[in-house]
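Following: one structure in C-alpha cells, then a few remarks.
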C-alpha cells in the first residue's frame, strides 16, 4: 500500500502545535504510512506564532496533485488570515485536490471562508465559538465536542484536540492497533471520544477571571473536590454575599456554581478512571460524588457512558 499523502497549509502566524502535534502523530504511526508536505502560497520559511519557530514550505502550486488529507491548522491569526481573498482561494484550490479535509482548532475559519463548510457540522476552539457562529451562520457549529466528522470533512477543538483528531484518522486509515501504538508513544489516551466535552464554559470562566476574584476559588475547588462545595460555602470562600457570588460566577462561567462544581468533579474523576485501576467507589468518594451511583449518573449525563464503560473502552 502506498503512503497516504498528507499536506498542511502553512500561513504567517499559524499555531506551531496545530502543525507539529498532528504531524508527530502521523510520524509515530510508522514510516511509509504517511508522506507529509508543508505547503504555503509562495513557499519558503513561514514564521509561526511561536517565537523562533518557522516552517520550511513548498509552494502550493508545486505540491502533490492528489492529496489524501489536507490539514488546515489554526492559530490566533487564523480568523483574520481567513478573510484574505488570496488565502481563501488557496484553500479552495488545495481542497479541490484533496480527498479528506482536517481542520485543526481555528483552521475551521479557513475552510468556512473558502465556502467548504456551508450546511455542515464543525468544531473549533471554545474561545472562538461565538465569533465563528456570528461570522458563518450557514455552518452548524458544534460547541462542545473534541472533534467532529461529517462526510469528507473532519474538524477539531482547540490545539491538542488536533492530536485526538489525528489519532482518529490513524485508526480510520490503518486500524486500532496502529492508533494504540501512537497513543502509547505520545503518552496520551486512546481515545477521547469525539463527543467528549471541552469543558468550555468552566475553562472560559477561568481565563476570564485571571487575576480576578474567582481565580483563587477555582484552584481551591480543584484541590478540595471532596469538601462541602455548596454555593454558600463558595461565596464565603470568595468573600461575597451569596447573591453577588452567584451572579458573578454565572456571568464569568455561564454556569451555576453547582453545575460548575459537578464539571470539576467529573473532569477529575474521568482522569482518575482512565489513568489507573483505582476502584470506582474510591474515585467517587475522593472527587466528592459521595457514592459510585451518583458519579455514574453524572458520567452518563456528560459523556453518555458510565465510568466502567469509559475505563474498558478508552484506557490503554
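The values are calculated or read from the model by the stated rules, or taken from the named source; none is laboratory data. Only a predicted model underlies this, so the values are computations on that prediction, with no experimental measurement involved. Cβ atoms come from the backbone with ideal geometry, glycine included; neighbour counts cover every protein chain shown.
See the values below:
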| quantity | calculated |
| --- | --- |
| Residue check for residue 60: farther than 16 Å from residue 97 by Cα, touching a helix residue (DSSP H, G or I) at 6+ places or on another chain (Cβ under 9 Å), surrounded by 14 or more Cβ atoms within 10 Å (Cβ to Cβ) and assigned by TED's automatic domain parsing to the domain that holds residue 179 | no |
| Odd one out for residue 17 among (1) crowded, with 21+ Cβ neighbours inside 10 Å; (2) in a loop (DSSP other than H, G, I, E, B) | (2) |
| Scope the stretch 26-54; condition modelled with pLDDT under 95 and either at positive phi or part of a strand (DSSP E or B) (or both); matching residues | 30, 32, 52 |
| Qualifying residue in the stretch 65-79 (condition: out of contact with any strand residue (DSSP E or B) (no Cβ under 6 Å at 6 or more places or on another chain), modelled with pLDDT of 95 or more and under 20 Å from residue 151 (Cβ atoms)) | yes |
| Selection from the stretch 133-178 of residues that are over 13 Å from the mean Cα position of the chain (by Cα), more than 18 Å from residue 112 (Cα to Cα) and assigned to a loop (DSSP other than H, G, I, E, B) | 175 |
| Complete set of residues in the stretch 1-14 that are surrounded by fewer than 18 Cβ atoms within 10 Å (Cβ to Cβ) and either out of contact with any strand residue (DSSP E or B) (no Cβ under 9 Å at 6 or more places or on another chain) or not in a loop (DSSP other than H, G, I, E, B) (or both) | 1 |
| Tabulated pairs, the stretch 88-101, first within 15 Å of residue 5 (Cβ to Cβ), second assigned to a helix (DSSP H, G or I) and modelled with pLDDT of 95 or more, C-beta under 7 angstrom, 6+ apart or interchain | 94/60; 101/95; 101/111 |
| Residues (touching a helix residue (DSSP H, G or I) at 6+ places or on another chain (Cβ under 8 Å) and either in the same structural domain as residue 144 (by TED's automatic domain parsing) or free of Cβ contacts under 8 Å to residues at least 60 places away in the same chain (or both)) located in the stretch 294-313 | 294, 295, 296, 298, 299, 306, 307, 308, 310, 311 |
